[in-house]
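Asks: Dumping the structure here so I can ask a few things about it.
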Amino acid sequence: MRKIAIFISGSGTNAENIIRYFEKNEGIEVTIVLSDNAQAFGLQRSKCLGVEARSFSRKDFLHTDDVLVMLQNLEIDFVILAGFLCFVPNNIVENYKGRILNIHPSLLPRHGGKGMYGHYVHESVIRSGDKESGITIHQVNENFDDGKIVFQAKCEVLSTDTALDVEKKVRALEIEHFPRVIEEEINKL
């Protein structure tokens, strides 16, 4: 059994989608959902779906081995960042090298990097006049949005689209593709 830990910072809609996708999978399970935000609605959402959920302080995450030790004690094989807004420290990146995936709401390398998340990304897409946007699923390394790209999916951006319109299109791509790509990457191990 391959065990997944999902890291979130907010509502947890991607986490819910991933949990539901793997509910009946006999070889892969979502073991825990973790957040740097004790008030993240995604923690409650995960508990309602029968998945353990815990929060931690950013200070501990960035400056101690507490979260890494927790992952190791739970025998976590793969880490998924699903709307997680905190930089992943080197102790976790090194211990899970090639086994941490993030989803970004644009076609990297465009509109990536520190501070580029959620509506900021979609607003940047609109301001730049891009004709397409989408999602990028990539491995996590020591730099923001810089790891090896494993999957991208595109959507058209119309001249009449608002950032909210782009967000809805990108969200549909996330729901459609993220769990499947996670499964494919885990099955490569």
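The values are calculated or read from the model by the stated rules, or taken from the named source; none is laboratory data. Treat the numbers as computed from the prediction; the structure is a model and nothing was measured. Cβ: placed from backbone, ideal geometry, glycine included. Neighbour counts: every protein chain shown. Please note that ligands, DNA and RNA were not included when accessible areas were found on the heavy atoms of the full protein model with its side chains. Shrake-Rupley method; radii C 1.70, N 1.55, O 1.52, S 1.80 Å.
Asks: Mind ranking Lys169, Lys59 by accessible surface for me, highest first, 1.4 Å probe?
Replies: Lys59, Lys169
Asks: For the chain, what number results from the quotient of the Cα radius of gyration and 2.2 N^0.38 Å?
Replies: Numbers: Rg = 16.0 Å, N = 189, 2.2 N^0.38 = 16.1 Å.
Computed over Cα atoms of the chain, the ratio equals 0.99.
Asks: Right, something else. Please give me, ordered by residue number, the chymotrypsin sites (Phe, Trp or Tyr not before Pro) of the stretch 58-102 that lie in loop per DSSP and have at most 15 other Cβ atoms within 10 Å. Show your work: numbers first, answer last.
Replies: Details: sites: Phe61, Phe78, Phe84, Phe87, Tyr96; in loops: Phe84, Phe87, Tyr96.
Answer by residue number: Phe87.
Asks: Let me ask another. For a label point 7 Å from the Cα of Cys48 along Cα→C-beta, name the residues of the stretch 174-189 whose backbone N is under 19 Å from it.
Replies: Counting backbone N atoms under 19 Å from the label point, the list is 175.
Asks: If you don't mind, there's one more thing I want to ask. Ranked by accessible surface with a 1.4 Å probe, highest first, in what order do Thr64, Thr136, Thr160 come? Show your work: numbers first, answer last.
Replies: Details: Thr64 50, Thr136 0, Thr160 105 Å².
Accessible-area ranking of Thr64, Thr136, Thr160, largest first: Thr160, Thr64, Thr136.
Asks: Can you flag which of Lys59/Lys169; Lys3/Lys97; Lys148/Lys188; Lys97/Lys188; Lys168/Lys188 are past 23 Å Cα-Cα?
Replies: Long pairs (Cα-Cα over 23 Å): Lys59/Lys169; Lys168/Lys188.
Asks: Evaluate the distance, in nm, between pseudo-label points positioned 7 Å from the Cα of Ile175 and of Leu74 along their respective Cα→Cβ axes.
Replies: Distance between the two pseudo-spin positions: 2.6 nm.
Asks: Next up: Let me cross-check Lys97: its accessible surface, 1.4 Å probe, with only protein heavy atoms counted, in Å² to the nearest 10?
Replies: 130 Å²
Asks: Also, quick follow-up: Taking H as built 1.01 Å from N, whose amide H comes closer than 5 Å to the amide H of Phe84, not counting residues under 5 places away?
Replies: Ser9
Asks: What is the set of long-range amide H partners of Leu108 at a cut-off below 5 Å, with H atoms built 1.01 Å from backbone N?
Replies: Amide H to amide H, under 5 Å and 5 or more residues apart or across chains, Leu108 pairs with Thr136.
Asks: Give a residue-ordered list of calculated ³J(HN,Hα) values for the stretch 173-183 (Karplus: 6.51 cos²θ - 1.76 cosθ + 1.60, θ = phi - 60°; whole Hz; x for Gly, Pro).
Replies: 5, 4, 4, 5, 10, 4, x, 5, 5, 4, 4
Asks: Distance between Cα centroids, the stretch 127-144 to the stretch 156-173: provide it in whole Å.
Replies: Going from one Cα centre to the other spans 14 Å.
Asks: When only the heavy atoms of the protein chains count and the probe is 1.4 Å, how do Arg180, Arg127 rank by accessible area, highest first?
Replies: Order by accessible area, largest first: Arg127, Arg180.
Asks: Tell me, what is the 1.4 Å probe accessible area of Asp130, in Å² to the nearest 10?
Replies: Result for Asp130: roughly 30 Å² accessible.
Asks: Hey, with R₀ at 35 Å, roughly what FRET efficiency would Lys97 and Lys168 work out to, going by the Cβ-Cβ distance, to 0.05? Walk me through the intermediate numbers first.
Replies: Details: r = 34 Å, r/R0 = 0.98.
So the FRET efficiency works out to roughly 0.50.
Asks: What figure in square angstrom, to the nearest 10, would you give for the accessible area of Met1 with a 1.4 Å probe?
Replies: Rounded to the nearest 10, that gives 120 Å².
Asks: Within the stretch 157-189, list the residues whose amide N lies under 16 Å from a label point set 7 Å along Cα→Cβ of Lys148.
Replies: 182-189
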